[in-house]
């Protein structure tokens, strides 16, 4: 009999998630899987569960937010395993799940996790950690890891917006140097992201004709410090219209890079805080994991 490991983050999302778990398990069973359910007990626990248990299963299905998905991916790569991963998004925002076109209906997402198409996907390495879809710094980044979980559960995506508004008075530029395989970027930036997603920080949307999740490259987006409010407004309009031909915006593709920053600069990896010593090495791990996706997503332009 086929075996499925179901990793559940009970803290993610709203209380209706718990009520749907029986149906999720039942769906996996109906498709011939013997299900082992493991509930995370603390941050980082999904990494450990994946490392210790995935090797004995045919698929791993995680129920949680993008952070939970990140932990499962991290556990998979660090243990050298290649078990296909299904993702049932039950977090409060699920930016990356939206990029992947996953259903917000947990029962439908469970069905897709066992009947979908298997696709390889790139993963990013960030020093000794991994990110599934984004590494970012600067404006609004703090909201992703500083918003209390209870607030996320109640307010969902609005919680991030409200937390981000708190950051507006304290937004400051960071002097950053990024050395990619093609070019060196160095300036004062209020925001920066290395992304493998059409959604950046839950606020900026990239053109899905540009982004591919398994092309061996990331999208690099850097926003310079505007000299005045008028330039800031132009920059915002350029981002909203997906027009990156602005003096305030650097936009390019990259496979790898060395980044030098102030040692106190805090990053966000898939919504989780990451502290560094001012030196960051980024690499694209081409087709490092296999995802199980709905057929419509698997046939889209991002794959």
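Worth a mention:
- Hey, residue 237 touching a helix residue (DSSP H, G or I) at 6+ places or on another chain (Cβ under 9 Å), assigned by TED's automatic domain parsing to the domain that holds residue 188, modelled with pLDDT under 90 and loosely packed, with under 14 Cβ neighbours inside 10 Å or not: no
- Condition check for residue 268: touching a residue at least 60 places away in the same chain (Cβ under 8 Å), more than 18 Å from the chain's Cα centre (by Cα) and either within 27 Å of residue 104 (Cβ to Cβ) or not assigned by TED's automatic domain parsing to the domain that holds residue 66 (or both): no
- Condition check for residue 223: over 27 Å from residue 83 (Cα atoms) and in a strand (DSSP E or B): yes
- Filter pass, residue 85 being under 22 Å from residue 12 (Cα atoms) and assigned by TED's automatic domain parsing to the domain that holds residue 236: no
- Among the numbered conditions (1) modelled with pLDDT of 90 or more; (2) more than 27 Å from residue 97 (Cβ to Cβ), the only one that residue 193 does not meet is (2).
- Look at the range 171-185: where a residue is without any contact (Cβ under 8 Å) to a residue 40 or more places away in the chain and a partner is in a strand (DSSP E or B) and surrounded by 13 or more Cβ atoms within 10 Å (Cβ to Cβ), sitting 6+ places away or on another chain with Cβ atoms under 6 Å, you get 171/190.
- Some residue of the range 201-218 being touching a residue at least 40 places away in the same chain (Cβ under 8 Å), crowded, with 20+ Cβ neighbours inside 10 Å, more than 16 Å from the chain's Cα centre (by Cα) and closer than 21 Å to residue 175 by Cα: no
- Looking across 252, 298, one residue alone is closer than 30 Å to residue 54 by Cα and either free of Cβ contacts under 8 Å to residues at least 12 places away in the same chain or touching a strand residue (DSSP E or B) at 6+ places or on another chain (Cβ under 7 Å) (or both). It is 298.
- Any hit, the range 279-300, residues being crowded, with 19+ Cβ neighbours inside 10 Å, outside the structural domain of residue 78 (by TED's automatic domain parsing) and more than 27 Å from residue 44 (Cα to Cα): yes
The values are calculated or read from the model by the stated rules, or taken from the named source; none is laboratory data. Predicted model, so just to flag it, every value in this text is computed and none were measured. Glycine also receives a Cβ, built like all others from the backbone with ideal geometry; neighbour counts cover every protein chain displayed.
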